Amino acid sequence: MTEIVSPQARRGEVDRDTLVRWLNEYLKLDAYPDPSLNGLQIAGTEVIRRVAASVDTSVKTLRDAADSGADLLLVHHGLFWGQPLAVTGPHRERLRTALMADLNLYAAHIPLDAHPEVGNNAMMARALSLEGLRPFGDWRGHKIGLCGELPFEQSLQDFADRVQKLTGEICLVHGGGQPNVRRLGIVSGSGAGAIAEAAAAGLDTLLTGEPEHKHFHDAFEYGVNVVYAGHYETEVFGVRALAARLEEEFGLPWQFLHHPTGL
């Protein structure tokens, strides 16, 4: 029988099932409808001593995680999205890479966007010193983003430059609203659909990841500025913060595998 190792008993080493149960509860996986198969997607070694974190699951991130000595790869975008996939082509190679390395794969999608402590949106709001935070950004009846006010008003260009320094991504700016930014909504990743909601909430600017053509005119017709900072770059925050939280809770060293997509 597998020994259950408590974090208090041995820092820096934890039984996989104990860690998975902690993650599932901490992230409240069952609270959100989500096409992603959140949780443990691939079971590997039973003892976790080292963690790697990445936004996406690819052959490269899986190989890099294995080469780093990680026992668990923590990702935002996993391998399974609500439909069966034939074990062929790149999907087969991804599975094979993880299984050959005895690597655990754990995915957290919408629950990580929405988490109030380590979520993508919470981390960005904290980095931008947003005040008076309120739930924002509807996802199938759940608010997964945040909105609030910046400590001081600044020009749209200055704000975009600030976001660029935060993410490292050159921002695409659609100046559909007033020239200054104060009341901000944040929805990481694919949040362009929140433009109408931002207008209804009295926000002047929406910060999100990637643009969608069908929402291009919304910014100008609803009178809302939209700053697109990249799907990938707005979602590096959650997995890094969650990995750091695991180090705090269980003493597990971790590293972030940075593979930007430019999208």
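If the requirement is being open to solvent by less than 10 Å² (accessible area, probe 1.4 Å) and over 25 Å from G238 (Cα atoms), which of these qualifies: A160, A219, A199? Lay out the reasoning, then the answer.
On the way: A160 fails: over 25 Å from G238 (Cα atoms); A199 fails: open to solvent by less than 10 Å² (accessible area, probe 1.4 Å).
The match here is A219.
Every condition in (1) surrounded by fewer than 16 Cβ atoms within 10 Å (Cβ to Cβ); (2) modelled with pLDDT under 95; (3) assigned to a loop (DSSP other than H, G, I, E, B) holds for T45 except the one numbered (2).
Taking residues in the range 222-249 that are at positive phi, and partners anywhere that are part of a helix (DSSP H, G or I) and open to solvent by 10 Å² or more (accessible area, probe 1.4 Å), the pairs with Cβ atoms closer than 8 Å and at least 6 places apart or on different chains are G223/A199; G230/T167. If you go through the range 166-179 and keep only what is open to solvent by less than 50 Å² (accessible area, probe 1.4 Å) and among the polar types (S, T, N, Q), you end up with just T167. The residues of the range 63-92 that are assigned to a loop (DSSP other than H, G, I, E, B) and either open to solvent by 50 Å² or more (accessible area, probe 1.4 Å) or in contact with a Ser or Thr (Cβ under 9 Å, 6 or more places away or on another chain) (or both), listed by number, are D71, G78, L79, F80, W81, G82, Q83, P84, L85, A86, V87, T88. Scanning the range 175-220 for residues that are touching an Asp or Glu at 6+ places or on another chain (Cβ under 7 Å) and part of a helix (DSSP H, G or I), we see that the one that is nearest to G141 (Cα to Cα) is E197. Close contacts from the range 177-204, counting a first residue that is under 13 Å from G223 (Cα atoms) and touching a residue at least 40 places away in the same chain (Cβ under 8 Å) and a second that is surrounded by fewer than 24 Cβ atoms within 10 Å (Cβ to Cβ) and of a type in the set (G, A, S), with Cβ to Cβ under 6 Å and a gap of 6+ residues or different chains, come to G177/G223. Scanning the range 205-216 for residues that are touching a residue at least 40 places away in the same chain (Cβ under 8 Å) and not hydroxyl-bearing (S, T, Y), we see that the one that is surrounded by the fewest Cβ atoms within 10 Å (Cβ to Cβ) is F216.
The values are calculated or read from the model by the stated rules, or taken from the named source; none is laboratory data. Bear in mind that the values here come from a model prediction, so they are computed numbers and not experimental data. Every residue, glycine among them, receives a Cβ derived from its backbone with ideal geometry; neighbour counts consider all protein chains shown. Ligands, DNA and RNA are stripped out before the accessible areas are found, and what is left, the full protein with its side chains, is counted by its heavy atoms. Shrake-Rupley method; radii C 1.70, N 1.55, O 1.52, S 1.80 Å.
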